[in-house]
Amino acid sequence: MRKILIAMFVFVSCFTTKAFSDGHSIKMGIILGFTGPIESLTPAMAASAELAFKEASDSGSLLGGKKISVERADSTCVDSAAATTAAEGLVSGGVVAIMGADCSGVTGAIATNVAVPNGVVMISPSATSPGLTTLDDKGFFFRTAPSDARGGQILADITKDRKVKSVAITYTNNDYGKGLADVYAAAVKAHGIKVTAVAAHEDGKADYSAEVATLASAGGDAVAVIGYLDQGGKGIIQGSLDSGAFDTFILSDGMIGQSLVDAFGKSLSKSFGSLPGSTGKGAGIFAKVAKAGGIDSSGPYTSESYDAAALITLAMQAGGKADRATIQKNVMSVANAPGKKIYPGELKKALDLLAKGKAINYEGATGVEFTDVGEAFGSFLEKEVKGGKFKTKKQR
């Protein structure tokens with residue numbers, strides 16, 4: 001733990017120098033799991049958020065020409081104490097808002113212990129636990145990713161459509177895993193699919209043969225792996241393939257990423273899953289904007305990260321100030337109708353409209369529309385492995 005905290009201090013410090021050296025900059029925080037079980041996903045997520053912040057800065061239209069400086073911090077995804085310490089560093093450093101966090105457990109911990117008590121808005125691009133819907137956040141927590149309450153149902157619908165008759169379920173033993181597993185298990189049972197086993201697994205183990213043996217003894221046409229692609233979920237797949245227990249894997253959003261395909265290749269050819277995303281107008285525009293910025297937009301939660309950062313900048317402009325209270329007050333108004341629809345790459349247009357007192361409706365990359373508690377209704381993408389990559393079959 002001490003090594004983690006020291007590493008995070010260095011990590012945050014190296015990104016704060018610019019912010020403290022420029023008295024005219026607006027300090028923004030990005031906190032994601034740059035180490036831990038989703039570390040292969042977070043670089044593109046952070047880069048996407050920074051792309052939106054840079055777009056607003058370079059426009060010359062943000063609050064009369066203000067610039068944004070970004071400070072990164074490491075949530076680890078799984079260590080709430082370390083994540084809280086990292087977030088405290090951002091807040092004490094003067095950030096006006098936080099893009100993040102990522103995994104549900106650390107996101108809830110940061111919101112409850114750091115962001116809400118200090119009046120700092122957090123917009124998470126990827127925390128999906130249903131429990132966050134009822135978080136006592138005083139209106140300071142938002143998320144551009146939809147809740148697993150819907151995500152579990154979508155994954156169950158796909159399972160049914162893929163003609164799976166029986167399934168074993170394993171989940172990472174945390175808020176995200178347990179919440180999604182509960183929703184998914186209930187939904188597949190409602191579809192008449194037999195659930196042979198529901199078993200937790202712990203991340204960080206070198207060997208998962210015992211967990212796989214338990215799942216194999218229960219049987220099933222497939223095993224649903226609700227976890228993380230760089231941690232225990234990957235270990236479950238490895239153990240299943242090594243033992244021949246399963247060759248079809250139903251993958252939660254945390255399991256979908258290129259590193260998994262790179263590890264297992266054609267062995268995933270029967271596998272499928274889902275994650276939040278869209279094939280709509282905004283998604284196509286974002287793909288071009290991201291490519292121009294040197295970012296691969298195909299990864300999980302890159303679109304949601306861009307949208308989260310964009311909403312923060314637009315909320316400031318709507319209120320005419322770069323402070324925490326202004327952002328909190330205006331997020332909902334820029335996210336939802338009425339107003340001029342705004343897509344990726346159009347932040348200058350939006351900023352100029354807001355400066356004139358005009359209303360905007362930020363559609364963004366994901367078709368942003370918030371519920372009354374500030375979370376995305378969202379859509380989902382059905383994913384499968386084709387040609388060595390995760391490909392979208394269709395939007396759900």
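The values are calculated or read from the model by the stated rules, or taken from the named source; none is laboratory data. Computed from a predicted model, the values in this text were never measured in an experiment. Glycine gets a Cβ as well: all are built from the backbone with ideal geometry, and neighbour counts include every protein chain shown.
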**Q.** Which numbered condition THR134 fails, given (1) of a type outside the set (Phe, Trp, Tyr); (2) closer than 22 Å to VAL368 by Cα; (3) surrounded by 24 or more Cβ atoms within 10 Å (Cβ to Cβ)
**A.** (3)
Q) Name the pairs: first residue in the range 72-92 and surrounded by fewer than 24 Cβ atoms within 10 Å (Cβ to Cβ), second residue of a type in the set (D, E, K, R) and not in a helix (DSSP H, G or I), Cβ to Cβ under 7 Å, at least 6 apart or on different chains? A) VAL78/ASP203
Q. Of these, ALA200, ALA168, which one is surrounded by fewer than 22 Cβ atoms within 10 Å (Cβ to Cβ), in contact with a strand residue (DSSP E or B) (Cβ under 7 Å, 6 or more places away or on another chain) and among the small types (Gly, Ala, Ser)?
A. ALA200
Q. If you go through the range 175-192 one residue at a time, do you hit one that is more than 17 Å from the chain's Cα centre (by Cα), surrounded by fewer than 24 Cβ atoms within 10 Å (Cβ to Cβ) and within 27 Å of GLU363 (Cα to Cα)?
A. no
Q) When the range 113-129 is examined, which residues are found to be more than 10 Å from the chain's Cα centre (by Cα), in a loop (DSSP other than H, G, I, E, B) and either buried (at least 23 other Cβ atoms within 10 Å of the Cβ) or free of Cβ contacts under 8 Å to residues at least 12 places away in the same chain (or both)? A) PRO117, VAL120, SER129
Q. Going by the structure shown, is LEU135 in contact with a Gly (Cβ under 6 Å, 6 or more places away or on another chain), hydrophobic (A, V, I, L, M, F, W, C) and within 25 Å of VAL116 (Cβ to Cβ)?
A. no
(Q) Just to verify a result, which residue in the range 35-50, among those that are of a type outside the set (Gly, Ala, Ser) and surrounded by fewer than 24 Cβ atoms within 10 Å (Cβ to Cβ), is farthest from ILE342 (Cα to Cα)? (A) THR35
Q | Single match in SER40, SER48 (criterion: in contact with a helix residue (DSSP H, G or I) (Cβ under 6 Å, 6 or more places away or on another chain), part of a loop (DSSP other than H, G, I, E, B), of a type in the set (Gly, Ala, Ser) and within 18 Å of TYR301 (Cβ to Cβ)) | A | SER40
Q) Taking into account only those residues within the range 340-359 that are touching a helix residue (DSSP H, G or I) at 6+ places or on another chain (Cβ under 8 Å) and either in a loop (DSSP other than H, G, I, E, B) or not assigned by TED's automatic domain parsing to the domain that holds LYS321 (or both), which is farthest from ILE154 (Cα to Cα)? A) ALA359
Q) Does the range 221-237 include one or more residues that are more than 20 Å from THR128 (Cβ to Cβ), of a type outside the set (Val, Ile, Thr) and more than 23 Å from the chain's Cα centre (by Cα)? A) yes
